[in-house]
1. If I model a spin label at residue 115 and residue 197 as a point 7 Å from the Cα along the Cα→Cβ vector, what separation in nanometres do I get?
2. So, with +1 on the Cβ of K and R and -1 on the Cβ of D and E, and no other charges, what is the size of the charge dipole of region 596-651 about its Cα centre, to the nearest 20 debye?
3. What full-extension length gain, to one decimal in nm, is calculated for residue 71 and residue 556 as 0.36 nm per residue of separation minus the Cα-Cα distance?
4. Among 76, 41, 101, whose Cα lies farthest out toward the positive end of the dipole of region 30-124, if unit charges sit on the beta carbon of Lys, Arg (+1) and Asp, Glu (-1)?
5. Quote the FRET efficiency, to the nearest 0.05, computed for residue 647 versus residue 602 with a Förster distance R0 of 25 Å and r equal to the Cβ-Cβ distance.
6. Expressed as a whole number of Å, what is the distance separating the alpha-carbon centroids of region 161-212 and region 585-602?
7. Taking region 615-682, which trypsin sites (Lys or Arg not before Pro) meet the DSSP loop condition and have no more than 13 other C-beta atoms within 10 Å?
8. Could you sort the peptides 320-329, 656-665, 143-152 by per-residue average Cβ neighbour count (10 Å cutoff), highest mean leading?
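The values are calculated or read from the model by the stated rules, or taken from the named source; none is laboratory data. Since we're looking at a predicted model, the values are computed, not measured. Methodologically, a virtual Cβ is constructed for each residue, glycine included, from the backbone with ideal geometry; neighbour enumeration extends over all protein chains shown. Ligands, DNA and RNA are excluded from the accessible area calculation, which covers all protein heavy atoms including side chains. Shrake-Rupley method; radii C 1.70, N 1.55, O 1.52, S 1.80 Å.
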Amino acid sequence: MSLPAARLIWHTLIALVLLVTGVVAPLLLLFRKELGIVALVLGLGLLAVGSGALLGAGLSRGIDSTACTPLQWRCMLTAAWLLNPVIVVATSVATGHLEFAWWSGMPLFFVLTALSGRLRLMQSYPDWRQEGCVFNPYMILYWTFSRAVFIGFPLAFLSFQVTLYLPRSDMLPIGPQIGLFVCGGCVLISAKFCAMCACLAPDANGRQKLPQALVLVILLSADWISSLHLMVPQTIDDNTKETLLLFHLLAAGFIQLHITLRRLQLIPRWQRARAQPRARELGIERDGNDPEMNAGLNAGQGESSDSEDDQGPRSLPPGFHEALIGVLGVPRPSSGQVQRAFLAEERSATLRPHVGHHQATVTPQPPLQLSAEGVSVEPTPRLGGGADAAGGSALAQANTASSSSSISHFDVDASESAAGSAGSVVQPRPLEIAPCTKCSICQEEICSGDKVRPLPKCGHVFHSTCIDGWAKAKQEGTRCPNCRKPALSRKQADGAIHISALSSNGGRGEGERASGSRRLRHASTAGQGTPSAAGGLGPVRPPAVVRRNSALIARRTAARDQNIRALCGLGFTELLARVALEFENNPNDAANLITDHIQLLETVYSRDGACPTTPRGVAEAVVEANPNLADLVVPLRRQLEHLYGSNRLPKQPWSELSTEQIDQVFHALLGDVVERNRGGRN
């Protein structure tokens with residue numbers, strides 16, 4: 001059985017165990033009077049299954065299984081399942097020996113201590129296999145102390161926890177022993193409270209574990225009820241305590257089951273697993289014509305701990321018990337975590353000659369459409385008006401391509417590599433990308449021959465110099481600028497580079513940034529810096545690429561001018577249109593931004609109060625740029641006064657402002673709109 005298939009089966013068993021333990025078992029025990037003795041026995045049996053699974057998970061986290069022999073580890077797991085507290089309590093109640101119910105974790109302690117043998121529980125402890133005399137009193141004391149600390153104390157607190165949850169008063173400890181169990185309960189409550197605070201604290205990515213914190217709140221409530229019943233049994237009736245504890249268990253079980261199903265994503269994974277055999281029967285190969293279909297069918301074949309989602313199923317370790325402790329929200333030890341620190345290898349971009357039907361379906365269509373007749377803006381409810389765009393042309397497709405397209409790893413032939421002639425530097429392997437693909441960092445189109453890096457998880461492609469600078473600034477926290485998935489990998493693949501090398505190389509100047517002007521300069525001076533084709537200074541960009549880049553720059557300039565004319569047709573001045581287009585990429589969004597400015601003045605700055613005095617001519621010039629503000633001069637003056645007070649604008653008359661300061665006025669006005677819109681969304 002392959003690793004992904006085994007992982008999927010283990011994850012399904014985890015969800016099933018949590019379902020029967022946290023949901024089915026408390027329901028059976030709540031309705032045992034109506035369902036009879038079968039419900040009681042089945043409910044306790046399901047609780048025993050869950051208790052054994054949790055003990056096995058804790059054992060796998062506390063003891064290194066690789067340091068044990070296979071037989072030794074299997075015996076430990078078997079003891080954890082057979083001597084779990086539910087079975088011990090049920091046996092002690094049935095036989096009348098309630099002392100074993102109070103110390104339900106101690107039988108497992110003695111068995112694990114005996115099975116541990118010469119196992120070294122910490123690296124700083126002596127290696128018992130290499131010690132000379134086994135009967136050395138010092139070594140015996142050392143061995144006993146290590147077992148008492150690392151095995152005895154956790155199981156003693158487990159005994160305190162189980163004793164708190166005993167349902168009837170006649171099962172609880174009596175006499176001076178109550179003080180010991182009350183102190184143990186206080187330690188447990190304090191530990192859960194600290195764990196809850198840790199779940200509420202944001203992690204490195206700014207995420208909080210709110211569902212896990214809610215589970216801990218429910219368990220804290222159950223502990224308070226049980227502690228009160230232990231100290232003063234007359235305050236809570238036995239039946240009331242039992243019902244309350246079962247409802248607490250049911251609520252915590254529902255929440256934990258929701259967390260588990262959301263993280264494991266069992267339904268789509270089983271759908272992919274069922275679709276893979278049929279896809280193979282139909283002849284769909286790994287390098288077929290539909291890379292998106294192949295990516296979906298093979299999404300589960302490469303599962304590893306190097307997951308693109310730290311909260312996804314592939315971030316969990318293999319195995320039942322190891323994955324269970326991860327699902328419960330217990331973090332891995334810091335020593336076992338491998339930081340993401342490797343960028344993918346540098347590739348040479350090659351444009352795909354033909355665009356398949358699947359790309360046309362996934363490419364988003366922005367509101368702006370360019371055609372031979374000119375520019376049209378899609379109508380919006382606030383603007384009212386505008387015409388439908390004419391049919392797309394090749395120019396429209398070039399202008400409206402998505403900012404960065406996601407590629408499939410199956411489009412690349414791993415065996416292809418471009419090597420130079422004898423004595424020259426080996427060239428990067430080619431990477432096929434869709435035409436009109438943009439690097440969203442520099443907002444320039446990726447052309448054939450450009451040095452690029454595909455991100456290892458999401459497949460988005462960027463110029464190598466752009467993503468290198470991005471990773472140099474973000475370091476281990478580097479994420480894809482488009483989808484926010486991790487941009488680095490934990491394992492060093494062929495050609496991958498460590499982010500520490502970026503700082504030492506000063507930004508890595510091997511790949512030329514895909515800026516149109518820089519391409520032209522590089523192409524124009526390439527002949528001066530390259531003595532021969534085999535000189536080793538790098539390939540010269542062919543003249544056809546230069547001509548295509550020149551045409552692309554001309555098309556973009558024409559598109560920008562058409563966008564400005566489209567906004568001017570709505571009554572705005574060219575200056576306001578140009579500034580709005582610097583905030584938004586198309587005239588539709590830019591017009592909406594200007595409309596948001598009107599709404600901001602009508603809502604935020606229309607409060608009652610005196611009209612402030614602003615420098616002469618500034619408000620009048622803004623109204624001239626947008627005639628729709630003619631009735632909002634007073635709110636506009638309030639906004640200007642706010643910007644002056646925050647030192648975002650120079651407080652000078654309009655006639656004394658330079659060209660840069662005039663641009664600064666409109667940038668500040670629309671920037672205030674963008675900041676408030678972003679704050680409202682957050």
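1. For the pair residue 115/residue 197, the computed spacing is 3.6 nm.
2. Values: 6 positive and 7 negative charges, 62 e Å.
Around 300 debye, computed over region 596-651.
3. Result: 167.6 nm gained on full extension.
4. 76
5. Working: r = 26 Å, r/R0 = 1.03.
My answer for the efficiency is 0.45.
6. If we compute the Cα centre of each part, the gap is 54 Å.
7. Numbers: sites: 616, 637, 638, 648, 651, 676, 678, 681; in loops: 616, 648, 651.
Those satisfying the criteria are 616, 651.
8. Working: 320-329: 20.4, 656-665: 14.0, 143-152: 16.7.
Listed from highest to lowest mean packing, they are 320-329, 143-152, 656-665.
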